[in-house]
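The values are calculated or read from the model by the stated rules, or taken from the named source; none is laboratory data. All values derive from a computational prediction rather than experimental measurement. Note that we place each Cβ from the backbone using ideal geometry, even for glycine, and neighbour counts take in every protein chain shown.
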Amino acid sequence: MALHLQAKPVAAVLRAQLEKRTQQLQEAGILPRLAVLLVGDNPASIAYARAKERAADRAGISFRLHAFSAQATEAEILERLDALNRDPAVHGILVEWPLPKRFDSARILEGIAPHKDVDGIHPVNRGRLFSGQEAFVPATALACIALLQHYQIPISGRHAVVVGRGPTVGRPLLALLLKENATVTVCHSRSGALARYTRKAELLFAATGHRHLIGAEMVAPGAVVIDAGLSEAPDGTLAGDVDFASVEPIAGAITPVPGGVGALTTLLLLQNVIDAAEATLRDQTS
Ligand code: NAP
């Protein structure tokens, strides 16, 4: 039976660290603050923003929702981003995606100052990450690595296969795995038969949003399987990219969905907010 890489114990450690760091910042006169921009009334985006608010409250981080109607203009959003970029009391800014189709998403995300881009999606942060420099990194990619580190699963020198080259998981994960000295293969929708690659993985990461894409025949016995995918099954339940029931008996370790990668992402986003707030403290004292 595979070791189950549950988020719960990792979350407990992270939460304690965040609370301690928030307290230290408050003692230095800084209240970490996250601003979230929400455009329109997409129920999933509203739910994600509310979940962030609850987690921020719990961690002692100030949260402010900037809600715009679906009729808001790109200029209005850019104007608000500009004001938030210049506000020294705001440390992290993020936009709930997707925006209504008529928006130029690239322009909006480039409107966020890189040093407040706690989602790690501004081109400056992406470039820094791939250059091996300090950068904000998307929380879901961080969650994959945090799970491995917590359970003391070695990364260095191992062959990692990442399925998915998307902006929030696959691509940043490639950079993080290289930083940790793994040898990395990245697969995508044009890779052809995925099993050719996935069966060679010592560490297998799935990040496609394609329900149960990875079955038992695609996994080497004893492999560590990290499932970052999230999609809704026809019955409304959440499903991962990995067919847990068939893969679990042959894997060495595996993350559940829910209760694995996804359960850590909000905390790691808040960790990015704390990092941003600590950077302003360093700037003040240097
Ligand atoms: P994305 O933009 O959703 O792109 C999906 C990636 O998967 C693309 O690279 C695509 O290939 C690849 N793909 C899709 N179907 C495939 C198939 N049948 N075989 C091989 N590759 C396939 O990527 P993302 O933004 O990085 O997000 C990835 C997934 O992570 C999301 O869909 C979501 O399920 C999950 N996610 C979870 C959380 C969380 O908190 N748990 C947060 C964010 C994202 P091409 O590039 O060739 O199109």
**Residues being surrounded by 13 or more Cβ atoms within 10 Å (Cβ to Cβ) and under 17 Å from the mean Cα position of the chain (by Cα) - total across region 6-34** = 8
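Just to be sure, is Ser131 within 28 Å of Pro98 (Cα to Cα), more than 18 Å from the chain's Cα centre (by Cα) and within 16 Å of the ligand (Cβ to nearest atom)?
Working: within 28 Å of Pro98 (Cα to Cα): yes; more than 18 Å from the chain's Cα centre (by Cα): yes; within 16 Å of the ligand (Cβ to nearest atom): no.
No.
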**Asked** Of everything in region 219-246 that's of a type in the set (Asp, Glu) and within 15 Å of the ligand (Cβ to nearest atom), which residue is modelled with the lowest pLDDT?
**Response** Glu232
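Just checking, how many residues over region 31-47 are more than 11 Å from Leu94 (Cα to Cα) and assigned to a strand (DSSP E or B)?
If we filter region 31-47 for residues that are more than 11 Å from Leu94 (Cα to Cα), which is where we start, we get 31-33, 39-47.
Then drop every residue that is not assigned to a strand (DSSP E or B), which leaves 33, 39.
Total meeting the criteria: 2.
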**Message:** Condition (residue is hydrophobic (A, V, I, L, M, F, W, C), assigned to a helix (DSSP H, G or I) and within 20 Å of Ser69 (Cβ to Cβ)) applied to region 94-101: is it met by at least one residue?
**Reply:** no
**Asked** Conditions: (1) under 21 Å from Ala207 (Cβ atoms); (2) surrounded by 14 or more Cβ atoms within 10 Å (Cβ to Cβ). Leu38 meets all but one. Number of the miss?
**Response** (1)
**Request:** Report, by residue number, each residue of region 68-78 that is part of a helix (DSSP H, G or I) and closer than 20 Å to Ile121 by Cβ.
**Result:** Glu74, Ile77, Leu78
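For region 227-241, indicate whether the set of residues that are outside the structural domain of Ala47 (by TED's automatic domain parsing), touching a residue at least 60 places away in the same chain (Cβ under 8 Å) and small (Gly, Ala, Ser) is non-empty. Don't jump to the end; show me each part of the working.
Here is the first cut: in region 227-241, the residues outside the structural domain of Ala47 (by TED's automatic domain parsing) are 227-241.
Now narrow it down to the ones that are touching a residue at least 60 places away in the same chain (Cβ under 8 Å): 228-229, 241.
If we keep only those that are small (Gly, Ala, Ser) as well, we get 228-229.
The answer is yes; a qualifying residue exists.
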**Asked** Is it the case that some residue within region 209-218 is outside the structural domain of Ala44 (by TED's automatic domain parsing), near the ligand (Cβ under 8 Å from one of its atoms) and at positive phi?
**Response** yes
**Prompt:** Among the listed residues Pro258, Pro249, which satisfies the condition of being more than 22 Å from Ala182 (Cα to Cα) and within 15 Å of the ligand (Cβ to nearest atom)?
**Reply:** Pro258
**Asked** Looking at Leu147, Leu178, which one is in a helix (DSSP H, G or I) and within 14 Å of the ligand (Cβ to nearest atom)?
**Response** Leu147
**Prompt:** Would a scan of region 106-119 turn up a residue that is more than 24 Å from Arg21 (Cβ to Cβ), exposed (fewer than 15 other Cβ atoms within 10 Å of the Cβ) and within 16 Å of the ligand (Cβ to nearest atom)?
**Reply:** yes
**Request:** State whether the residues of region 232-239 include one that is over 24 Å from Ser191 (Cα atoms), among the β-branched types (Val, Ile, Thr) and crowded, with 20+ Cβ neighbours inside 10 Å.
**Result:** no
